[in-house]
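Here's the structure we're looking at; comments come further down.
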(Lines give C-alpha, C1' and ligand atoms only; values in the text may rest on other atoms or scores of the structure.)
Protein backbone atom coordinates (compact mmCIF):
# COMPACT_ATOMS: atom_id res chain seq x y z
CA UNK A 1 0.00 0.00 0.00
CA UNK A 2 1.24 3.47 -0.87
CA UNK A 3 2.31 5.48 2.16
CA UNK A 4 -0.05 8.36 2.85
CA UNK A 5 2.58 10.34 4.74
CA UNK A 6 4.06 13.65 3.67
CA UNK A 7 7.80 14.10 3.94
CA UNK A 8 9.60 17.33 4.85
CA UNK A 9 12.01 18.45 2.11
CA UNK A 10 13.03 21.86 3.46
CA UNK A 11 11.61 24.62 5.57
CA UNK A 12 11.87 28.11 7.04
CA UNK A 13 11.17 29.38 10.51
CA UNK A 14 9.19 32.56 9.77
CA UNK A 15 8.53 33.73 13.33
CA UNK A 16 9.53 32.74 16.85
CA UNK A 17 7.16 34.25 19.39
CA UNK A 18 5.75 34.18 22.87
CA UNK A 19 3.05 31.53 22.59
CA UNK A 20 3.69 30.29 19.05
CA UNK A 21 6.21 29.88 16.22
CA UNK A 22 5.40 29.85 12.51
CA UNK A 23 7.19 27.48 10.14
CA UNK A 24 6.68 27.01 6.40
CA UNK A 25 7.84 23.65 5.04
CA UNK A 26 8.16 22.28 1.55
CA UNK A 27 6.89 18.70 1.50
CA UNK A 28 6.83 15.67 -0.78
CA UNK A 29 3.31 14.31 -1.21
CA UNK A 30 2.44 10.58 -1.17
CA UNK A 31 2.30 10.53 -5.00
CA UNK A 32 5.72 12.20 -5.32
CA UNK A 33 4.29 15.67 -6.01
CA UNK A 34 5.29 18.78 -4.09
CA UNK A 35 3.39 21.13 -1.84
CA UNK A 36 3.97 23.51 1.07
CA UNK A 37 2.60 23.36 4.59
CA UNK A 38 2.19 26.27 6.98
CA UNK A 39 2.65 25.07 10.55
CA UNK A 40 1.90 26.99 13.74
CA UNK A 41 3.95 25.42 16.54
CA UNK A 42 2.24 25.79 19.89
CA UNK A 43 2.95 24.23 23.30
CA UNK A 44 0.47 21.66 24.62
CA UNK A 45 -2.37 23.02 26.71
CA UNK A 46 -4.82 21.58 29.21
CA UNK A 47 -8.56 21.99 29.63
CA UNK A 48 -10.46 21.02 32.77
CA UNK A 49 -13.98 19.66 33.18
CA UNK A 50 -14.39 21.02 36.72
CA UNK A 51 -17.25 19.15 38.39
CA UNK A 52 -18.55 20.88 41.50
CA UNK A 53 -21.36 19.76 43.82
CA UNK A 54 -24.65 18.51 42.28
CA UNK A 55 -22.82 17.83 39.02
CA UNK A 56 -22.48 21.56 38.33
CA UNK A 57 -19.65 22.70 36.05
CA UNK A 58 -17.28 25.61 36.60
CA UNK A 59 -16.68 27.67 33.48
CA UNK A 60 -14.90 30.97 32.91
CA UNK A 61 -15.88 33.86 30.71
CA UNK A 62 -13.05 35.86 29.19
CA UNK A 63 -12.37 38.21 26.31
CA UNK A 64 -10.44 36.42 23.58
CA UNK A 65 -8.52 38.92 21.47
CA UNK A 66 -8.13 36.70 18.35
CA UNK A 67 -11.89 36.03 18.36
CA UNK A 68 -12.76 39.64 19.18
CA UNK A 69 -15.38 38.59 21.71
CA UNK A 70 -15.95 37.13 25.16
CA UNK A 71 -16.26 33.35 25.29
CA UNK A 72 -17.56 30.91 27.84
CA UNK A 73 -14.90 28.22 28.27
CA UNK A 74 -13.71 25.48 30.54
CA UNK A 75 -10.68 26.51 32.63
CA UNK A 76 -7.58 26.01 30.49
CA UNK A 77 -3.99 27.03 29.97
CA UNK A 78 -0.64 26.31 28.40
CA UNK A 79 1.73 23.69 29.85
CA UNK A 80 4.76 25.68 31.03
CA UNK A 81 8.32 24.34 30.58
CA UNK A 82 9.14 21.79 33.29
CA UNK A 83 5.47 21.20 34.16
CA UNK A 84 3.55 17.98 33.62
CA UNK A 85 0.09 18.33 32.08
CA UNK A 86 -1.38 17.24 35.42
CA UNK A 87 0.50 19.98 37.24
CA UNK A 88 -0.75 22.54 34.71
CA UNK A 89 -4.31 21.35 35.19
CA UNK A 90 -4.05 21.70 38.99
CA UNK A 91 -2.45 25.15 38.67
CA UNK A 92 -4.86 26.52 36.07
CA UNK A 93 -7.90 25.24 37.95
CA UNK A 94 -6.72 27.08 41.06
CA UNK A 95 -5.74 30.29 39.23
CA UNK A 96 -8.90 30.51 37.15
CA UNK A 97 -11.57 29.22 39.55
CA UNK A 98 -10.13 29.50 43.06
CA UNK A 99 -10.62 25.76 43.65
CA UNK A 100 -8.24 22.86 43.88
CA UNK A 101 -9.24 19.27 43.12
CA UNK A 102 -8.80 16.08 45.17
CA UNK A 103 -9.13 14.04 41.96
CA UNK A 104 -7.79 14.99 38.54
CA UNK A 105 -8.11 12.34 35.83
CA UNK A 106 -7.11 12.54 32.15
CA UNK A 107 -10.05 12.13 29.77
CA UNK A 108 -8.46 12.42 26.33
CA UNK A 109 -6.02 14.36 24.13
CA UNK A 110 -6.84 16.10 20.88
CA UNK A 111 -5.47 18.47 18.25
CA UNK A 112 -7.37 21.75 18.09
CA UNK A 113 -6.56 22.52 14.44
CA UNK A 114 -4.48 19.74 12.87
CA UNK A 115 -4.67 21.37 9.42
CA UNK A 116 -2.29 24.13 10.48
CA UNK A 117 -1.11 23.60 14.06
CA UNK A 118 0.46 20.97 16.32
CA UNK A 119 -1.38 22.31 19.39
CA UNK A 120 -2.86 19.54 21.50
CA UNK A 121 -5.16 19.86 24.46
CA UNK A 122 -5.11 17.35 27.26
CA UNK A 123 -8.57 17.26 28.79
CA UNK A 124 -8.93 16.49 32.51
CA UNK A 125 -11.87 15.71 34.77
CA UNK A 126 -11.56 17.44 38.16
CA UNK A 127 -13.63 16.27 41.12
CA UNK A 128 -13.64 16.79 44.86
CA UNK A 129 -13.23 20.55 44.54
CA UNK A 130 -12.20 22.54 47.61
CA UNK A 131 -11.87 26.35 47.86
CA UNK A 132 -8.28 27.46 47.52
CA UNK A 133 -6.63 30.91 47.20
CA UNK A 134 -6.59 32.34 43.68
CA UNK A 135 -3.77 33.96 41.76
CA UNK A 136 -4.55 35.02 38.22
CA UNK A 137 -2.05 35.74 35.45
CA UNK A 138 -1.47 39.51 35.37
CA UNK A 139 -2.82 39.80 31.81
CA UNK A 140 -5.87 37.57 32.30
CA UNK A 141 -9.26 39.02 33.28
CA UNK A 142 -11.99 36.48 33.72
CA UNK A 143 -15.31 35.78 35.43
CA UNK A 144 -16.19 32.49 37.06
CA UNK A 145 -19.52 31.00 35.97
CA UNK A 146 -21.15 28.03 37.72
CA UNK A 147 -23.81 26.13 35.74
CA UNK A 148 -25.90 23.01 36.17
CA UNK A 149 -25.60 20.17 33.66
CA UNK A 150 -29.03 21.14 32.27
CA UNK A 151 -27.75 24.68 31.73
CA UNK A 152 -24.61 23.27 30.10
CA UNK A 153 -26.74 21.34 27.62
CA UNK A 154 -28.88 24.41 26.90
CA UNK A 155 -25.82 26.66 26.40
CA UNK A 156 -24.23 24.14 24.02
CA UNK A 157 -27.37 23.42 22.00
CA UNK A 158 -28.34 27.10 21.70
CA UNK A 159 -24.95 28.10 20.32
CA UNK A 160 -23.92 30.13 23.37
CA UNK A 161 -20.82 27.97 23.86
CA UNK A 162 -18.60 28.77 20.90
CA UNK A 163 -15.29 27.19 21.91
CA UNK A 164 -14.28 23.81 20.54
CA UNK A 165 -12.64 22.30 23.65
CA UNK A 166 -15.59 23.46 25.77
CA UNK A 167 -18.13 21.86 23.43
CA UNK A 168 -16.11 18.63 23.47
CA UNK A 169 -15.98 18.83 27.28
CA UNK A 170 -19.69 19.55 27.74
CA UNK A 171 -20.90 16.90 25.29
CA UNK A 172 -18.47 14.38 26.80
CA UNK A 173 -19.84 15.23 30.24
CA UNK A 174 -23.47 14.94 29.12
CA UNK A 175 -22.81 11.65 27.29
CA UNK A 176 -21.84 10.05 30.63
CA UNK A 177 -25.15 10.81 32.37
CA UNK B 1 -18.54 47.44 35.53
CA UNK B 2 -15.05 47.60 34.07
CA UNK B 3 -14.89 46.52 30.43
CA UNK B 4 -13.09 43.21 30.01
CA UNK B 5 -12.19 43.92 26.40
CA UNK B 6 -8.69 44.37 25.03
CA UNK B 7 -8.07 47.22 22.61
CA UNK B 8 -5.68 47.15 19.66
CA UNK B 9 -3.01 49.88 19.91
CA UNK B 10 -0.80 48.93 16.96
CA UNK B 11 0.21 45.85 15.04
CA UNK B 12 2.36 44.19 12.41
CA UNK B 13 1.46 41.70 9.73
CA UNK B 14 4.32 39.18 10.04
CA UNK B 15 3.30 36.74 7.30
CA UNK B 16 0.67 36.51 4.57
CA UNK B 17 0.31 32.94 3.36
CA UNK B 18 -1.78 30.35 1.61
CA UNK B 19 -4.12 29.20 4.37
CA UNK B 20 -3.17 31.63 7.13
CA UNK B 21 -1.72 35.03 8.02
CA UNK B 22 0.19 35.89 11.19
CA UNK B 23 -0.32 39.24 12.94
CA UNK B 24 1.25 40.52 16.14
CA UNK B 25 -0.70 43.29 17.89
CA UNK B 26 0.08 45.50 20.84
CA UNK B 27 -3.02 45.77 23.03
CA UNK B 28 -4.31 47.76 25.96
CA UNK B 29 -5.59 45.51 28.76
CA UNK B 30 -8.81 46.13 30.72
CA UNK B 31 -6.79 47.60 33.63
CA UNK B 32 -4.88 49.98 31.32
CA UNK B 33 -1.77 47.79 31.19
CA UNK B 34 -0.09 46.71 27.97
CA UNK B 35 0.46 43.32 26.38
CA UNK B 36 0.93 41.75 22.97
CA UNK B 37 -1.23 39.21 21.16
CA UNK B 38 -0.14 36.80 18.44
CA UNK B 39 -3.04 36.17 16.07
CA UNK B 40 -3.23 33.52 13.35
CA UNK B 41 -5.85 34.68 10.83
CA UNK B 42 -7.52 31.73 9.13
CA UNK B 43 -10.59 31.52 6.88
CA UNK B 44 -13.71 29.86 8.31
CA UNK B 45 -14.01 26.12 7.76
CA UNK B 46 -16.81 23.59 7.83
CA UNK B 47 -17.09 20.14 9.38
CA UNK B 48 -19.79 17.62 8.51
CA UNK B 49 -21.53 15.01 10.67
CA UNK B 50 -22.35 12.75 7.74
CA UNK B 51 -25.10 10.35 8.81
CA UNK B 52 -25.48 7.36 6.52
CA UNK B 53 -27.97 4.47 6.79
CA UNK B 54 -28.50 2.83 10.22
CA UNK B 55 -27.14 5.94 11.90
CA UNK B 56 -23.60 5.14 10.72
CA UNK B 57 -21.12 7.99 10.39
CA UNK B 58 -18.74 8.66 7.51
CA UNK B 59 -15.27 9.70 8.63
CA UNK B 60 -12.03 10.19 6.74
CA UNK B 61 -8.52 9.19 7.70
CA UNK B 62 -5.75 11.44 6.47
CA UNK B 63 -2.16 12.34 7.25
CA UNK B 64 -1.97 15.73 8.94
CA UNK B 65 1.46 17.25 8.44
CA UNK B 66 1.33 19.69 11.41
CA UNK B 67 0.37 16.80 13.71
CA UNK B 68 2.86 14.40 12.10
CA UNK B 69 0.33 11.57 12.10
CA UNK B 70 -2.82 10.22 10.47
CA UNK B 71 -6.06 11.30 12.10
CA UNK B 72 -9.62 10.07 11.93
CA UNK B 73 -11.82 13.11 11.28
CA UNK B 74 -15.21 14.18 10.08
CA UNK B 75 -15.17 15.48 6.48
CA UNK B 76 -14.09 19.13 6.57
CA UNK B 77 -12.59 21.95 4.59
CA UNK B 78 -11.99 25.67 4.23
CA UNK B 79 -14.72 28.01 2.95
CA UNK B 80 -13.40 29.32 -0.37
CA UNK B 81 -13.88 32.97 -1.44
CA UNK B 82 -17.40 33.48 -2.82
CA UNK B 83 -18.73 30.30 -1.23
CA UNK B 84 -21.33 30.10 1.52
CA UNK B 85 -20.58 27.72 4.39
CA UNK B 86 -23.45 25.52 3.20
CA UNK B 87 -21.94 25.33 -0.31
CA UNK B 88 -18.57 24.39 1.20
CA UNK B 89 -20.20 21.65 3.26
CA UNK B 90 -21.93 20.18 0.18
CA UNK B 91 -18.69 20.38 -1.87
CA UNK B 92 -16.41 18.92 0.78
CA UNK B 93 -18.81 16.09 1.58
CA UNK B 94 -18.84 15.11 -2.09
CA UNK B 95 -15.06 15.51 -2.59
CA UNK B 96 -14.09 13.64 0.55
CA UNK B 97 -16.74 10.89 0.76
CA UNK B 98 -18.25 10.57 -2.71
CA UNK B 99 -21.73 11.29 -1.34
CA UNK B 100 -24.05 14.25 -1.63
CA UNK B 101 -26.74 15.06 0.94
CA UNK B 102 -30.45 15.77 0.51
CA UNK B 103 -30.46 17.56 3.88
CA UNK B 104 -27.69 19.72 5.29
CA UNK B 105 -28.45 21.55 8.54
CA UNK B 106 -26.20 23.80 10.60
CA UNK B 107 -25.56 22.49 14.13
CA UNK B 108 -23.30 25.12 15.67
CA UNK B 109 -20.22 27.34 15.17
CA UNK B 110 -17.10 27.34 17.29
CA UNK B 111 -13.56 28.68 17.52
CA UNK B 112 -10.93 25.96 17.32
CA UNK B 113 -8.21 27.83 19.24
CA UNK B 114 -9.47 31.23 20.42
CA UNK B 115 -6.28 31.89 22.38
CA UNK B 116 -4.29 32.41 19.18
CA UNK B 117 -6.54 32.13 16.12
CA UNK B 118 -9.80 33.49 14.70
CA UNK B 119 -10.54 30.21 12.89
CA UNK B 120 -14.14 29.14 13.28
CA UNK B 121 -15.72 25.88 12.22
CA UNK B 122 -19.32 25.71 11.16
CA UNK B 123 -20.59 22.22 11.94
CA UNK B 124 -23.28 20.68 9.72
CA UNK B 125 -25.45 17.60 9.96
CA UNK B 126 -25.82 15.84 6.60
CA UNK B 127 -28.63 13.33 6.02
CA UNK B 128 -30.21 11.60 3.07
CA UNK B 129 -26.85 10.67 1.54
CA UNK B 130 -26.73 9.53 -2.09
CA UNK B 131 -23.67 8.30 -4.00
CA UNK B 132 -22.16 11.02 -6.17
CA UNK B 133 -18.93 11.25 -8.22
CA UNK B 134 -15.83 12.19 -6.25
CA UNK B 135 -13.17 14.74 -7.05
CA UNK B 136 -10.46 15.16 -4.44
CA UNK B 137 -8.09 18.10 -4.07
CA UNK B 138 -4.84 17.23 -5.87
CA UNK B 139 -2.83 17.47 -2.62
CA UNK B 140 -5.26 15.52 -0.43
CA UNK B 141 -4.92 11.78 0.10
CA UNK B 142 -7.57 10.25 2.30
CA UNK B 143 -9.42 7.05 3.13
CA UNK B 144 -13.15 6.86 3.76
CA UNK B 145 -14.14 5.07 6.97
CA UNK B 146 -17.73 4.10 7.80
CA UNK B 147 -18.52 3.39 11.45
CA UNK B 148 -21.58 2.63 13.56
CA UNK B 149 -22.55 4.96 16.39
CA UNK B 150 -21.36 2.31 18.89
CA UNK B 151 -17.99 2.29 17.15
CA UNK B 152 -17.95 6.10 17.20
CA UNK B 153 -18.44 6.03 20.98
CA UNK B 154 -15.71 3.41 21.40
CA UNK B 155 -13.24 5.33 19.18
CA UNK B 156 -13.90 8.57 21.10
CA UNK B 157 -13.73 7.04 24.59
CA UNK B 158 -10.61 4.99 23.83
CA UNK B 159 -8.67 8.03 22.60
CA UNK B 160 -8.51 6.88 18.96
CA UNK B 161 -10.26 10.06 17.81
CA UNK B 162 -7.76 12.83 18.46
CA UNK B 163 -9.27 15.76 16.59
CA UNK B 164 -11.25 18.41 18.41
CA UNK B 165 -14.01 19.07 15.86
CA UNK B 166 -14.50 15.31 15.43
CA UNK B 167 -14.84 14.73 19.17
CA UNK B 168 -17.34 17.59 19.37
CA UNK B 169 -19.23 16.08 16.42
CA UNK B 170 -19.26 12.54 17.80
CA UNK B 171 -20.28 13.50 21.34
CA UNK B 172 -22.95 15.84 19.94
CA UNK B 173 -24.24 12.97 17.81
CA UNK B 174 -24.25 10.52 20.72
CA UNK B 175 -25.95 13.03 23.05
CA UNK B 176 -28.97 13.07 20.72
CA UNK B 177 -29.62 9.32 20.89
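The values are calculated or read from the model by the stated rules, or taken from the named source; none is laboratory data. What you see is a predicted model, and the numbers here were worked out from it, not measured in a lab. Positions of Cβ are generated from backbone atoms using ideal geometry, with glycine treated the same way; all protein chains shown enter the neighbour counts.
Considering the stretch A:98-122, the residues that are closer than 20 Å to residue B:164 by Cβ and in contact with a helix residue (DSSP H, G or I) (Cβ under 6 Å, 6 or more places away or on another chain) include one that is farthest from the other protein chains (Cβ to nearest Cβ), namely A:122.
Looking at the structure I just gave you, is residue A:66 more than 8 Å from chain B (Cβ to nearest Cβ), in a loop (DSSP other than H, G, I, E, B) and out of contact with any helix residue (DSSP H, G or I) (no Cβ under 8 Å at 6 or more places or on another chain)? No, not satisfied.
Do we find that residue A:119 is modelled with pLDDT of 95 or more and under 21 Å from residue A:20 (Cβ atoms) in this structure? Yes; evaluated as a whole, the condition is true for this residue. For residue A:109, state whether it is assigned by TED's automatic domain parsing to the domain that holds residue A:52 and within 30 Å of residue B:74 (Cβ to Cβ). Taking the combined requirement at face value, the residue satisfies it. Scanning the stretch A:149-177 for residues that are more than 9 Å from chain B (Cβ to nearest Cβ), surrounded by fewer than 20 Cβ atoms within 10 Å (Cβ to Cβ) and touching a strand residue (DSSP E or B) at 6+ places or on another chain (Cβ under 8 Å) yields A:149, A:160. Please go through the stretch B:29-58 and give me each residue that is in a strand (DSSP E or B) and away from chain A (no Cβ under 11 Å), ordered by number. Within the stretch B:29-58, B:46, B:48, B:49, B:50, B:51, B:57, B:58 qualify. For the stretch A:3-23, a residue qualifies if it is more than 7 Å from every other protein chain (Cβ to nearest Cβ) and touching a strand residue (DSSP E or B) at 6+ places or on another chain (Cβ under 7 Å), and the qualifying residues are A:7, A:8, A:9, A:10, A:11, A:12, A:13, A:21, A:23.
Would the stretch A:76-88 turn up any residue that is within 11 Å of chain B (Cβ to nearest Cβ), within 18 Å of residue A:19 (Cβ to Cβ) and in a loop (DSSP other than H, G, I, E, B)? Within the stretch A:76-88 (the criterion being within 11 Å of chain B (Cβ to nearest Cβ), within 18 Å of residue A:19 (Cβ to Cβ) and in a loop (DSSP other than H, G, I, E, B)), the answer is no, since none of the residues qualifies. Checking each residue of the stretch A:130-139 against the condition of being in the same structural domain as residue A:99 (by TED's automatic domain parsing), crowded, with 18+ Cβ neighbours inside 10 Å and in a strand (DSSP E or B) gives no match.
The residue pairs whose first member lies in the stretch A:158-177 and is outside the structural domain of residue A:67 (by TED's automatic domain parsing), whose second member is part of a loop (DSSP other than H, G, I, E, B) and surrounded by 23 or more Cβ atoms within 10 Å (Cβ to Cβ), and whose beta carbons are closer than 8 Å, counting only pairs six or more residues apart or on different chains, do not exist in this structure.
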